[in-house]
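What follows is a set of notes on a single structure, which appears directly below.
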Amino acid sequence: MNWPHKDLLDVSQLSREDVDVVMRTAASFREINARPVKKVPTLKGKSVVLFFAEPSTRTKTSFDIAGKRLSADTFGLAKTGSSLQKGETLKDTVRTLEAMNPDAIVMRHASSGAADFVAKRVGCAVINAGDGWHAHPTQALLDLFTLLEVWDTLAGKTVVILGDVAHSRVARSNCRLLPMLGARVRICAPRTLLPKDAQALDAEIFHDPDKALAGADAVMCLRLQLERQEAGLLPDLREYARRFCLTPDRLALANPGAKVLHPGPINRGVEIASDLADAGNSLILDQVSSGVAVRMAILYLHITRKDQGGQA
């Protein structure tokens, strides 16, 4: 099929068929990542701008590797040292990037809606690598891919998202995507770390981790930004860890063999016990390798769509 989307801004724009295409394409690219020579000429001559106006290590590196393994040329642009830091508007930065005629812009920005703002002003593909607290579509897709590698289907599975849901674009994207594949999603957080629109998410709401984890098949811990305590949203980190850290005792309440995920970076002993992060049922490193395959698929689908007759 011709990929129908110019941009990837949010998982809500994807149909079930679209998600299946991404999963199949990622599975085909996964094999490349296991080869001695991890490179194919699929996107030779294409260019990808990595426009990260917010700090990132995992996502930016993952997209960089994904582009290079498809033989695309990748160019990094960060806020530090760029014209953005000198006061240039996002609109002017985008116009400059467009003049360079890239085939795709992968962007992360602290403002919700920034990727959509850019997508409406450029002719190339725009891939949202995280905008504010709004969306992180490729993280949700790689989380899905990781779970499907283990289960084959999410139908009837219960996934708990545990931690700072209010400030998590990862949680929002997973709450939109996982139920599309048949999963039951539960979110669990202190009341101060639940979003005001929590009732609108396709998820059951819990404040007690022990109740949320009962009968769960997977637990996705969220990174707690330490400034939440400074903002008065937490009494202190020790109290948060006592009540919400995923420990072996808490995980024992879930179904046998329950899987553990975390988008990273991890605050060990705060969100998750260190031994659980490294345990046999942890999929955290699997998420990293899945991320490269899924982002290869996303770049391929969006960059080649015009070559296959898709509209800009």
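The values are calculated or read from the model by the stated rules, or taken from the named source; none is laboratory data. Here the structure is a predicted model, which is why all the values come from computation and not from measurement. Don't worry about glycine lacking a Cβ; one is built from the backbone with ideal geometry, like all the others, and counts go over all protein chains shown. Quick note on the areas: whole protein, heavy atoms, side chains included, nothing else; ligands and nucleic acids left out. Shrake-Rupley method; radii C 1.70, N 1.55, O 1.52, S 1.80 Å.
Using +1 at the Cβ of each Lys and Arg and -1 at the Cβ of each Asp and Glu in the chain, identify which of 279, 248, 55 lies farthest towards the dipole's positive end.
Farthest along the dipole direction, towards plus: 55.
Between 201, 170, 257, whose Cα lies farthest towards the positive end of the dipole of the range 138-284 when Lys and Arg beta carbons carry +1 and Asp and Glu beta carbons carry -1, centred on the Cα centre?
Going by the Cα projections, it comes out as 201.
Please work out the C-alpha center-to-center distance from the range 241-262 to the range 152-186 and express it in whole Å.
16 Å
Give me the angle, in degrees from 0 to 90, between the Cα long axis of helix 137-151 and the longest principal axis of the Cα atoms of the chain, rounded to the nearest 10.
It is inclined by approximately 60 degrees.
Which residue, 218, 273, 125, tops the fluctuation ranking in a GNM of the chain built on C-alpha contacts under 10 Å?
For the chain, modelled as a Gaussian network with Cα springs under 10 Å, the answer is 273.
Of all DSSP beta bridges in the chain, what percent run antiparallel (nearest 5)?
If I count the DSSP bridges inside the chain, around 5 percent turn out antiparallel.
Write down the percent of antiparallel bridges among all DSSP beta bridges whose residues are both part of the range 92-230, to the nearest 5.
Expressed as a percentage, antiparallel bridges in the range 92-230 total about 5.
Between residue 208 and residue 58, what's the calculated FRET efficiency when r is the beta-carbon distance and R0 is 25 Å? Round to 0.05.
The calculated FRET efficiency here is 0.25.
Using helices alone, what [θ] at 222 nm do you get for the chain, with -39,500 (n - 2.57) per DSSP H run of 4 or more residues, divided over all residues and rounded to the nearest 500?
The helix contribution divided over the chain gives -10500 deg cm²/dmol.
For the range 138-284, which whole percent of the accessible surface, found with a 1.4 angstrom probe, sits on carbon and sulfur atoms? Don't skip to the answer; put the middle values down first.
Values: 2750 of 5940 Å².
It is 46 percent, rounded to a whole number.
Do you know the relative contact order of the range 138-284, to the nearest whole percent, from alpha carbon pairs under 8 angstrom that are 6+ apart?
23 percent
Under the rule of at least 5 residues apart or a separate chain, name every residue whose amide H is placed under 5 Å from the amide H of residue 72.
43
For the chain, state what percent of all Cα-Cα pairs lands in each successive 20 Å bin, counting from 0 Å until the bin that includes the largest distance.
Each 20 Å bin holds this share of Cα pairs: 33, 57, 10.
Over 28 Å between C-alpha atoms is what I'm after, so list which of 39/120; 60/120; 68/157; 120/157; 68/259; 157/211 land there.
As for pairs spanning more than 28 Å Cα to Cα, those are 39/120; 68/157; 120/157; 68/259.
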